[in-house]
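Working notes, beginning with the structure itself.
What follows draws every value from the coordinates through simple rules; no lab data is involved. Just so it is clear, the model here is predicted, and its values are computed rather than measured.
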Amino acid sequence: MTGLFATACNQVAEEVKKEAQTAVAQTNEKVQKVIDDLGLVYVEEGAQNIITYDEVNAAQQAWCDALVKIGQLKETGGDYKAYAEQVLSEAYNYDNGKVFFKPTLAFGEQTFRNDKKGALAYFIGGDPDYPNDKGFALTPWVKARYDNAGPNNEGIQIYGSVAITMGNVWVTGKDGKEVMVDKTWVFKKGKDGKLRIIVHKSALPFSPNLG
């Protein structure tokens, strides 16, 4: 009797294992189709989740739109702080893990903002622990746009659930003056399907002194 029970258990275990292998194979086929359709060449072996170019571009544009909206809310008396906190939760990975953030105008011991408090201070200021932050998003910027290095998504590398971008962001102030910054982002796709920033490196372009 015991032997029959053990045999039945083994059969059930084998069936579960086969079903799992079939599910993985089907997932791999779907992933491979996306890889082929997008012409990706960097994806790591065994990737089970793929970011698309459209998702990456949408995430970059959403960041630009959010930057402008923070300043607009400040100008119109809206709750810009709550919105900025929401952006940091939804667009960045602070609530889920590590983020490496080097803002454009940060310097010295506060160059890198690896927690949400430091990032929030950079965008909206008002934090006594970051006295040099005036609030980059409060300028306010009336328009923001981005471009990636090279045409046809050449400035985006996709490795599965992680994508890297390199290019520029252009922001326009109320005076109509447009400022360009060099920008590198790394996005990670979460289990909920949302892209979040895990690395953000921003800097003013190098301008050599020719005098």
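Listed values, structure above:
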item: Shape of segment 111-191, Cα gyration tensor, a/c cut at 1.5; result: oblate
item: For the chain, convex hull volume per residue from C-alpha positions, Å³; result: 192
